[in-house]
1. Among the numbered criteria (1) over 16 Å from A:L136 (Cα atoms); (2) modelled with pLDDT of 95 or more, which one does A:V80 miss?
2. Since A:W54 meets every condition but one in (1) open to solvent by less than 10 Å² (accessible area, probe 1.4 Å); (2) more than 7 Å from every other protein chain (Cβ to nearest Cβ), which condition does it not meet?
3. Can you tell me which condition B:G153 does not meet? The list is (1) facing chain A (nearest Cβ under 7 Å); (2) surrounded by fewer than 17 Cβ atoms within 10 Å (Cβ to Cβ); (3) more than 21 Å from A:R35 (Cα to Cα), and all the others hold.
4. Residue check: is A:G60 in contact with a Pro (Cβ under 8 Å, 6 or more places away or on another chain), surrounded by fewer than 20 Cβ atoms within 10 Å (Cβ to Cβ) and either facing another protein chain (nearest Cβ under 7 Å) or over 24 Å from B:R63 (Cα atoms) (or both)?
5. Residue by residue through segment A:27-51, note down the ones that are touching a residue at least 40 places away in the same chain (Cβ under 8 Å) and either open to solvent by 10 Å² or more (accessible area, probe 1.4 Å) or more than 7 Å from chain B (Cβ to nearest Cβ) (or both).
6. Out of curiosity, is B:D43 acidic (D, E) and either modelled with pLDDT of 95 or more or over 26 Å from B:L137 (Cβ atoms) (or both)?
7. Based on this model, can you work out whether A:G105 counts as farther than 15 Å from B:I134 by Cβ, part of a loop (DSSP other than H, G, I, E, B) and among the small types (G, A, S)?
8. Considering only segment B:99-109, I want to know if a residue exists there that is closer than 13 Å to A:G107 by Cα and without any contact (Cβ under 8 Å) to a residue 40 or more places away in the chain.
Amino acid sequence: MTLLYLALGTLFGFVLSRSGAADYDYIQGMFLFERFQLYGIIGTAVALTAPGLWLIKRRGVTLRGRPITIELKPQHRGNVSGGILFGIGWSIAGMCPGPILVNIGEGKLYALGALAGAMVGAALFGVLYPVLQAPLQMPPLKVGPGEG
Amino acid sequence: MPLLLHNLQPLHWSIAGVGIAAVTLSLMLLANRRLGISTGFEDVCSLVLSQPYFRRDAVIGGRRWRLPLLAGLLLGGFLSAVTGGGWSPTWSLGMLDTALALGPMGKLAWMFVGGLFIGFGTRMAGGCTSGHGIFGLSNGEWPSLLSTLSFMGGGILTTQFVYRVLLG
(Lines give C-alpha, C1' and ligand atoms only; values in the text may rest on other atoms or scores of the structure.)
Protein backbone atom coordinates (compact mmCIF):
# COMPACT_ATOMS: atom_id res chain seq x y z
CA MET A 1 0.00 0.00 0.00
CA THR A 2 2.90 2.35 0.69
CA LEU A 3 3.78 2.17 -3.00
CA LEU A 4 0.19 3.04 -3.94
CA TYR A 5 0.31 6.20 -1.81
CA LEU A 6 3.71 7.09 -3.20
CA ALA A 7 2.44 6.61 -6.78
CA LEU A 8 -0.73 8.65 -6.23
CA GLY A 9 1.32 11.38 -4.54
CA THR A 10 3.71 11.40 -7.49
CA LEU A 11 0.86 11.75 -10.00
CA PHE A 12 -0.69 14.50 -7.85
CA GLY A 13 2.67 16.28 -7.62
CA PHE A 14 3.31 16.04 -11.36
CA VAL A 15 -0.11 17.49 -12.19
CA LEU A 16 0.29 20.31 -9.64
CA SER A 17 3.73 21.07 -11.08
CA ARG A 18 2.62 21.20 -14.72
CA SER A 19 -0.71 22.99 -14.23
CA GLY A 20 0.36 26.25 -12.60
CA ALA A 21 -0.89 25.24 -9.13
CA ALA A 22 2.72 25.24 -7.94
CA ASP A 23 3.66 28.42 -9.80
CA TYR A 24 4.00 31.74 -7.95
CA ASP A 25 2.78 33.83 -10.90
CA TYR A 26 -0.29 31.67 -11.55
CA ILE A 27 -1.32 31.90 -7.88
CA GLN A 28 -1.01 35.71 -7.90
CA GLY A 29 -2.86 35.77 -11.24
CA MET A 30 -5.73 33.85 -9.64
CA PHE A 31 -5.96 36.23 -6.67
CA LEU A 32 -5.67 39.27 -8.99
CA PHE A 33 -8.55 37.86 -11.13
CA GLU A 34 -6.20 37.98 -14.12
CA ARG A 35 -5.89 34.23 -14.74
CA PHE A 36 -8.72 31.71 -14.91
CA GLN A 37 -6.38 28.66 -14.80
CA LEU A 38 -6.58 27.85 -11.07
CA TYR A 39 -10.33 28.47 -10.86
CA GLY A 40 -10.74 26.10 -13.82
CA ILE A 41 -8.57 23.44 -12.18
CA ILE A 42 -10.30 23.53 -8.79
CA GLY A 43 -13.74 23.81 -10.40
CA THR A 44 -13.14 20.82 -12.69
CA ALA A 45 -11.69 18.74 -9.84
CA VAL A 46 -14.71 19.41 -7.60
CA ALA A 47 -17.22 18.95 -10.43
CA LEU A 48 -15.79 15.46 -11.10
CA THR A 49 -14.95 14.42 -7.55
CA ALA A 50 -18.45 15.21 -6.24
CA PRO A 51 -20.36 12.69 -8.40
CA GLY A 52 -17.47 10.22 -8.10
CA LEU A 53 -17.62 10.32 -4.31
CA TRP A 54 -21.38 9.95 -4.42
CA LEU A 55 -20.99 6.78 -6.49
CA ILE A 56 -18.25 5.39 -4.23
CA LYS A 57 -20.37 6.04 -1.12
CA ARG A 58 -23.33 4.36 -2.79
CA ARG A 59 -21.12 1.37 -3.59
CA GLY A 60 -20.11 1.38 0.07
CA VAL A 61 -16.87 -0.60 -0.14
CA THR A 62 -13.38 -0.13 -1.56
CA LEU A 63 -12.21 -2.24 -4.49
CA ARG A 64 -10.79 -4.71 -1.95
CA GLY A 65 -14.10 -4.85 -0.11
CA ARG A 66 -13.29 -2.71 2.92
CA PRO A 67 -16.14 -0.45 4.07
CA ILE A 68 -16.04 3.20 3.01
CA THR A 69 -16.06 5.44 6.07
CA ILE A 70 -15.59 9.15 5.48
CA GLU A 71 -14.72 11.08 8.60
CA LEU A 72 -16.35 14.51 8.36
CA LYS A 73 -14.39 17.56 9.43
CA PRO A 74 -15.71 19.24 12.58
CA GLN A 75 -17.22 22.70 12.40
CA HIS A 76 -15.68 25.34 14.68
CA ARG A 77 -14.60 28.98 14.69
CA GLY A 78 -11.18 27.99 13.38
CA ASN A 79 -12.70 27.15 9.98
CA VAL A 80 -13.04 30.83 9.15
CA SER A 81 -10.20 32.46 11.13
CA GLY A 82 -7.72 29.70 10.23
CA GLY A 83 -8.91 29.86 6.62
CA ILE A 84 -8.20 33.58 6.43
CA LEU A 85 -4.71 33.09 7.94
CA PHE A 86 -3.99 30.28 5.47
CA GLY A 87 -5.18 32.48 2.58
CA ILE A 88 -2.74 35.20 3.61
CA GLY A 89 0.07 32.64 3.64
CA TRP A 90 -1.00 31.14 0.30
CA SER A 91 -0.77 34.62 -1.23
CA ILE A 92 2.58 35.52 0.35
CA ALA A 93 4.29 32.25 -0.57
CA GLY A 94 2.38 31.65 -3.81
CA MET A 95 1.91 28.02 -2.81
CA CYS A 96 -0.45 25.97 -0.67
CA PRO A 97 0.72 22.89 1.31
CA GLY A 98 0.98 20.35 -1.54
CA PRO A 99 2.82 22.72 -3.90
CA ILE A 100 5.37 23.58 -1.19
CA LEU A 101 6.66 20.02 -1.57
CA VAL A 102 6.22 20.03 -5.35
CA ASN A 103 8.26 23.23 -5.66
CA ILE A 104 11.05 21.75 -3.55
CA GLY A 105 11.04 18.69 -5.81
CA GLU A 106 11.26 20.95 -8.87
CA GLY A 107 14.36 22.62 -7.43
CA LYS A 108 12.84 25.98 -6.41
CA LEU A 109 15.08 26.59 -3.42
CA TYR A 110 12.98 29.35 -1.83
CA ALA A 111 10.24 26.78 -1.18
CA LEU A 112 12.48 25.37 1.57
CA GLY A 113 11.74 28.59 3.49
CA ALA A 114 7.99 27.98 3.08
CA LEU A 115 8.36 24.39 4.31
CA ALA A 116 10.31 25.50 7.38
CA GLY A 117 7.67 28.16 8.11
CA ALA A 118 4.81 25.70 7.66
CA MET A 119 6.41 23.19 10.03
CA VAL A 120 6.99 25.86 12.68
CA GLY A 121 3.44 27.20 12.17
CA ALA A 122 1.87 23.74 12.52
CA ALA A 123 4.03 23.00 15.57
CA LEU A 124 3.05 26.31 17.16
CA PHE A 125 -0.63 25.56 16.59
CA GLY A 126 -0.29 22.11 18.15
CA VAL A 127 1.46 23.50 21.20
CA LEU A 128 -1.18 26.25 21.58
CA TYR A 129 -4.16 23.93 21.02
CA PRO A 130 -5.04 23.67 24.73
CA VAL A 131 -5.19 27.49 24.88
CA LEU A 132 -7.04 28.02 21.58
CA GLN A 133 -9.55 25.20 21.96
CA ALA A 134 -12.13 27.01 24.12
CA PRO A 135 -12.16 30.43 22.38
CA LEU A 136 -12.32 28.78 18.94
CA GLN A 137 -14.87 26.19 20.15
CA MET A 138 -12.76 23.40 18.68
CA PRO A 139 -13.31 19.70 19.50
CA PRO A 140 -11.40 18.02 22.35
CA LEU A 141 -7.76 17.24 21.72
CA LYS A 142 -8.51 13.60 20.94
CA VAL A 143 -10.46 14.67 17.84
CA GLY A 144 -8.47 17.75 16.80
CA PRO A 145 -9.41 20.49 14.36
CA GLY A 146 -9.89 18.14 11.40
CA GLU A 147 -7.74 16.09 9.06
CA GLY A 148 -6.89 17.27 5.61
CA MET B 1 1.59 32.39 -19.91
CA PRO B 2 4.45 29.88 -19.50
CA LEU B 3 5.31 28.33 -16.13
CA LEU B 4 8.33 29.48 -14.13
CA LEU B 5 9.56 25.89 -14.55
CA HIS B 6 11.58 25.92 -17.80
CA ASN B 7 8.99 28.26 -19.37
CA LEU B 8 6.83 25.19 -20.07
CA GLN B 9 3.30 25.62 -21.37
CA PRO B 10 0.93 24.49 -18.59
CA LEU B 11 -1.57 21.67 -18.96
CA HIS B 12 -5.06 22.79 -19.87
CA TRP B 13 -7.02 23.43 -16.68
CA SER B 14 -9.56 20.75 -17.51
CA ILE B 15 -6.81 18.10 -17.87
CA ALA B 16 -5.29 19.14 -14.54
CA GLY B 17 -8.73 19.04 -12.91
CA VAL B 18 -9.31 15.50 -14.23
CA GLY B 19 -5.90 14.44 -12.85
CA ILE B 20 -6.63 15.80 -9.38
CA ALA B 21 -10.10 14.24 -9.33
CA ALA B 22 -8.56 10.90 -10.41
CA VAL B 23 -6.07 11.00 -7.51
CA THR B 24 -8.78 12.01 -4.99
CA LEU B 25 -11.20 9.29 -6.10
CA SER B 26 -8.47 6.63 -6.30
CA LEU B 27 -7.45 7.30 -2.69
CA MET B 28 -11.04 6.72 -1.61
CA LEU B 29 -11.92 3.81 -3.89
CA LEU B 30 -8.67 1.90 -3.39
CA ALA B 31 -7.82 2.69 0.20
CA ASN B 32 -10.73 4.50 1.93
CA ARG B 33 -8.54 7.58 2.45
CA ARG B 34 -9.74 11.17 2.36
CA LEU B 35 -7.37 13.45 0.43
CA GLY B 36 -5.59 15.93 2.68
CA ILE B 37 -2.09 17.34 2.69
CA SER B 38 -1.78 19.80 5.56
CA THR B 39 -2.30 17.13 8.25
CA GLY B 40 0.91 15.69 6.85
CA PHE B 41 2.76 18.63 8.37
CA GLU B 42 1.55 17.45 11.77
CA ASP B 43 2.69 13.95 10.92
CA VAL B 44 6.17 15.28 10.27
CA CYS B 45 6.04 17.40 13.46
CA SER B 46 5.01 14.29 15.39
CA LEU B 47 8.30 12.62 14.45
CA VAL B 48 10.09 15.08 16.74
CA LEU B 49 7.43 16.68 19.01
CA SER B 50 5.76 14.86 21.89
CA GLN B 51 3.01 17.30 22.97
CA PRO B 52 -0.38 15.56 23.36
CA TYR B 53 -1.61 17.25 20.15
CA PHE B 54 0.97 15.33 18.14
CA ARG B 55 0.20 12.01 19.83
CA ARG B 56 -3.44 11.91 18.64
CA ASP B 57 -4.61 8.78 16.85
CA ALA B 58 -5.42 10.85 13.75
CA VAL B 59 -1.77 11.89 13.55
CA ILE B 60 0.04 8.72 14.58
CA GLY B 61 -2.33 6.46 12.63
CA GLY B 62 -2.14 8.64 9.52
CA ARG B 63 1.64 8.70 9.23
CA ARG B 64 2.01 5.40 7.44
CA TRP B 65 -0.08 6.55 4.49
CA ARG B 66 0.30 10.32 4.53
CA LEU B 67 4.09 10.40 4.68
CA PRO B 68 4.43 8.30 1.48
CA LEU B 69 1.84 10.56 -0.19
CA LEU B 70 3.92 13.62 0.77
CA ALA B 71 7.09 11.96 -0.49
CA GLY B 72 5.24 11.40 -3.77
CA LEU B 73 4.61 15.14 -4.10
CA LEU B 74 8.35 15.77 -3.87
CA LEU B 75 9.00 13.03 -6.41
CA GLY B 76 6.28 14.31 -8.74
CA GLY B 77 7.82 17.78 -8.77
CA PHE B 78 11.25 16.28 -9.34
CA LEU B 79 10.08 14.11 -12.25
CA SER B 80 8.24 17.07 -13.75
CA ALA B 81 11.47 19.07 -13.77
CA VAL B 82 13.58 16.16 -15.08
CA THR B 83 11.21 15.40 -17.96
CA GLY B 84 10.54 19.07 -18.67
CA GLY B 85 14.08 20.22 -19.37
CA GLY B 86 16.24 18.87 -16.58
CA TRP B 87 16.47 19.36 -12.82
CA SER B 88 18.39 22.42 -11.78
CA PRO B 89 18.14 24.44 -8.57
CA THR B 90 16.65 27.92 -9.08
CA TRP B 91 15.65 31.05 -7.14
CA SER B 92 13.45 32.39 -9.95
CA LEU B 93 10.28 33.94 -8.50
CA GLY B 94 8.54 35.69 -11.42
CA MET B 95 6.41 38.68 -10.48
CA LEU B 96 8.07 39.05 -7.09
CA ASP B 97 11.48 39.34 -8.79
CA THR B 98 10.12 42.11 -10.99
CA ALA B 99 8.45 43.98 -8.14
CA LEU B 100 11.00 43.47 -5.41
CA ALA B 101 14.52 42.24 -6.19
CA LEU B 102 15.11 40.06 -3.14
CA GLY B 103 18.30 38.04 -2.69
CA PRO B 104 18.24 34.37 -1.65
CA MET B 105 18.12 35.16 2.08
CA GLY B 106 15.35 37.70 1.52
CA LYS B 107 13.34 35.14 -0.45
CA LEU B 108 13.79 32.47 2.22
CA ALA B 109 12.62 34.96 4.86
CA TRP B 110 9.62 36.03 2.73
CA MET B 111 8.67 32.38 2.20
CA PHE B 112 9.20 31.53 5.87
CA VAL B 113 6.65 34.18 6.86
CA GLY B 114 4.19 32.85 4.27
CA GLY B 115 4.84 29.33 5.53
CA LEU B 116 4.08 30.31 9.13
CA PHE B 117 0.63 31.55 8.07
CA ILE B 118 0.11 28.39 5.98
CA GLY B 119 1.12 25.97 8.74
CA PHE B 120 -0.76 27.72 11.53
CA GLY B 121 -3.79 28.65 9.42
CA THR B 122 -4.37 25.27 7.78
CA ARG B 123 -4.23 23.50 11.12
CA MET B 124 -6.57 26.02 12.71
CA ALA B 125 -8.98 25.67 9.79
CA GLY B 126 -8.70 21.87 9.91
CA GLY B 127 -7.60 21.56 6.28
CA CYS B 128 -6.21 23.23 3.19
CA THR B 129 -6.97 23.47 -0.51
CA SER B 130 -7.02 19.69 -0.83
CA GLY B 131 -8.87 18.56 2.31
CA HIS B 132 -11.38 21.41 2.45
CA GLY B 133 -11.25 22.83 -1.09
CA ILE B 134 -11.27 19.64 -3.16
CA PHE B 135 -12.51 16.83 -0.93
CA GLY B 136 -14.69 18.76 1.52
CA LEU B 137 -16.49 20.79 -1.14
CA SER B 138 -17.00 17.67 -3.28
CA ASN B 139 -18.48 15.90 -0.27
CA GLY B 140 -20.83 18.83 0.48
CA GLU B 141 -19.32 19.62 3.88
CA TRP B 142 -20.38 22.95 5.36
CA PRO B 143 -17.14 23.67 7.34
CA SER B 144 -15.20 23.12 4.10
CA LEU B 145 -17.29 25.70 2.26
CA LEU B 146 -16.70 28.19 5.10
CA SER B 147 -12.95 27.50 5.06
CA THR B 148 -12.65 27.63 1.29
CA LEU B 149 -14.44 30.97 1.09
CA SER B 150 -12.20 32.23 3.93
CA PHE B 151 -8.89 31.22 2.40
CA MET B 152 -9.89 32.44 -1.05
CA GLY B 153 -10.92 35.74 0.54
CA GLY B 154 -7.71 35.99 2.57
CA GLY B 155 -5.61 35.28 -0.51
CA ILE B 156 -7.48 37.71 -2.75
CA LEU B 157 -7.25 40.56 -0.21
CA THR B 158 -3.55 39.93 0.46
CA THR B 159 -2.47 39.70 -3.19
CA GLN B 160 -4.61 42.70 -4.16
CA PHE B 161 -2.99 44.66 -1.32
CA VAL B 162 0.57 43.50 -2.08
CA TYR B 163 0.46 44.00 -5.87
CA ARG B 164 -2.00 46.88 -6.24
CA VAL B 165 -1.09 48.96 -3.17
CA LEU B 166 2.20 47.95 -1.53
CA LEU B 167 4.31 47.16 -4.62
CA GLY B 168 1.95 48.54 -7.28
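1. Checking A:V80 against (1) over 16 Å from A:L136 (Cα atoms); (2) modelled with pLDDT of 95 or more, the one that fails is (1).
2. Unmet for A:W54, out of (1) open to solvent by less than 10 Å² (accessible area, probe 1.4 Å); (2) more than 7 Å from every other protein chain (Cβ to nearest Cβ): (1).
3. Checking B:G153 against (1) facing chain A (nearest Cβ under 7 Å); (2) surrounded by fewer than 17 Cβ atoms within 10 Å (Cβ to Cβ); (3) more than 21 Å from A:R35 (Cα to Cα), the one that fails is (3).
4. yes
5. Correct list: A:I27 only.
6. On the way: acidic (D, E): yes; either modelled with pLDDT of 95 or more or over 26 Å from B:L137 (Cβ atoms) (or both): no.
In short, no.
7. Details: farther than 15 Å from B:I134 by Cβ: yes; part of a loop (DSSP other than H, G, I, E, B): no; among the small types (G, A, S): yes.
The answer is no for A:G105.
8. Within segment B:99-109, not a single residue is closer than 13 Å to A:G107 by Cα and without any contact (Cβ under 8 Å) to a residue 40 or more places away in the chain.
The values are calculated or read from the model by the stated rules, or taken from the named source; none is laboratory data. Everything numeric here is computed off the predicted structure, so don't read it as measured data. Quick reminder, even Gly has a Cβ in these numbers, built from the backbone with ideal geometry, and neighbours come from all protein chains shown. Accessible surface areas use protein heavy atoms only, side chains included; no ligands, DNA or RNA. Shrake-Rupley method; radii C 1.70, N 1.55, O 1.52, S 1.80 Å.
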